[in-house]
1. Less than 14 Å Cβ to Cβ from Gln115, Lys/Arg counted +1 and Asp/Glu -1: what total charge do the surrounding residues give?
2. Which one of Arg35, Arg167, Arg80 has the biggest mean-square fluctuation once the chain is modelled by GNM with Cα springs under 10 Å?
3. Based on Cβ point charges of +1 for Lys and Arg and -1 for Asp and Glu, what charge dipole magnitude is obtained for the chain about its Cα centre, in debye rounded to the nearest 20?
4. Which value at 222 nm does the chain reach when only helices count, each DSSP H run of 4 or more adding -39,500 (n - 2.57), with the total divided by all residues and rounded to the nearest 500 deg cm²/dmol?
5. Towards the positive end of the charge dipole of the chain, with charges on Cβ (+1 Lys, Arg; -1 Asp, Glu), say which of Ala38, Ala145, Ala15 has the farthest Cα.
6. Helix 40-56: angle to the longest alpha-carbon principal axis of the chain, degrees 0 to 90, nearest 10?
7. Go through (1) 16.2; (2) 23.0; (3) 25.1 and flag the label whose value is the computed Kirkwood radius over Cα pairs in Å for this structure.
8. Of Leu133, Trp169, Ala27, whose Cα points farthest to the positive end of the dipole of the chain (charges on the beta-carbon: +1 Lys, Arg; -1 Asp, Glu; origin at the Cα centre)?
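Just so you know, all these numbers are worked out from the coordinates, no wet-lab data involved. This is a predicted model, so every value here is computed, not measured. Every residue, glycine among them, receives a Cβ derived from its backbone with ideal geometry; neighbour counts consider all protein chains shown.
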Amino acid sequence: MPADSTPTMAAADRAARLGDLFDRHQARLYRLALRMGAEPGEAADLVQDAFLRLARAAAPIPDGDGGEAWLVRALVNLCRDRRRRRAVRARAAQWVSVPEARPPDPESVASAREQVGGALARLSPRRRAVVVLHEIEGHALVEVARILGIAAVTARWHLSAGRRDLRRWLDAEDRRGS
């Protein structure tokens, strides 16, 4: 007998044992997956995944009822994982739900620009420069400080105060407009 025939015989034996386990337990595992809340097509996929896990496992296939127990545990874990993934996706969908995007009304865009421009004009020149460079032009605060020749902590303070003033003025404008 050639030296490489032993692994082939072991692989054939493993495949035969998997086939036997599938024939004996597939229907019961399918019903278990259905009882655990899977849809019919999904239940079939979960059963197949359980058998694939057993086929890919490095350990030998358990004898007797050990194979069935291994498959049941794998199927239960797969069903739990599926349920957890669905719960995570459902929670994420709550936070991500984006209303249907409509093109902005040109009149409201012009009005908003006018309000923001008026509020920016009320800021002191240095504070306005910090806000515009950081918020509108997208420069990092360290870069804003370097451009204006001020300390980074001073730029951060002007940005914070400018945001606070803008928010207060724009909120007051909204209350007057409503």
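1. Values: positive: Arg113, Arg122, Arg167, Arg168, Arg175, Arg176; negative: Glu107, Glu114, Asp165, Asp171, Glu173, Asp174.
Value of the local net charge: 0.
2. Judging by the Gaussian network model, the answer is Arg167.
3. Dipole of the chain, to the nearest 20 debye: 980 debye.
4. Numbers: 7 runs with 138 residues, N = 178.
It comes out at -26500 deg cm²/dmol, rounded to the nearest 500.
5. The one lying farthest along the dipole's positive direction is Ala145.
6. 70 degrees
7. Among (1) 16.2; (2) 23.0; (3) 25.1, the one calculated here is (2).
8. Working it through, the farthest residue towards the positive pole turns out to be Trp169.
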